[in-house]
1. Taking strands (runs of 3 or more DSSP E) that fall entirely within region 4-72, which contain at least 3 residues that are touching a helix residue (DSSP H, G or I) at 6+ places or on another chain (Cβ under 8 Å) and open to solvent by less than 40 Å² (accessible area, probe 1.4 Å)?
2. If you check Ser29, Ser53, Ser24, which single one turns out to be free of Cβ contacts under 8 Å to residues at least 60 places away in the same chain, among the polar types (S, T, N, Q) and farther than 19 Å from Phe9 by Cα?
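The values are calculated or read from the model by the stated rules, or taken from the named source; none is laboratory data. Please read these numbers as outputs of a predicted model, since none were measured by experiment. All Cβ positions, glycine included, derive from the backbone under ideal geometry; neighbour counts span all protein chains shown. Just the protein is used for accessible areas: all its heavy atoms, side chains included, with ligands, DNA and RNA removed. Shrake-Rupley method; radii C 1.70, N 1.55, O 1.52, S 1.80 Å.
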Amino acid sequence: MAWETFNNFTSSNIVSLRYDSTTSTLEVSFHNGGLYHYYDVPPQIWEALKVASSQGQYLAAHIKGHYRYSKV
């Protein structure tokens, strides 16, 4: 996997975000210790997540419930 990490944000819920464009996998690490992979996430969703005013709100509105995921 070739992860691209996005660290330019502050969130009360999310620790880190990474995206692998070769597999379209989004990795989200939470402050509570949870680590999740979201699958088949298009690159435009990743780009929109990075520029969102709140990454947590964007994740809740546009990714959770829309893409298959697994706890890692």
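1. Details: elements: 14-20, 25-30, 35-38, 69-71.
In region 4-72, 14-20 are the strands (runs of 3 or more DSSP E) which contain 3 or more residues that are touching a helix residue (DSSP H, G or I) at 6+ places or on another chain (Cβ under 8 Å) and open to solvent by less than 40 Å² (accessible area, probe 1.4 Å).
2. Working: Ser29 fails: farther than 19 Å from Phe9 by Cα; Ser53 fails: farther than 19 Å from Phe9 by Cα.
Result of the check over Ser29, Ser53, Ser24: Ser24.
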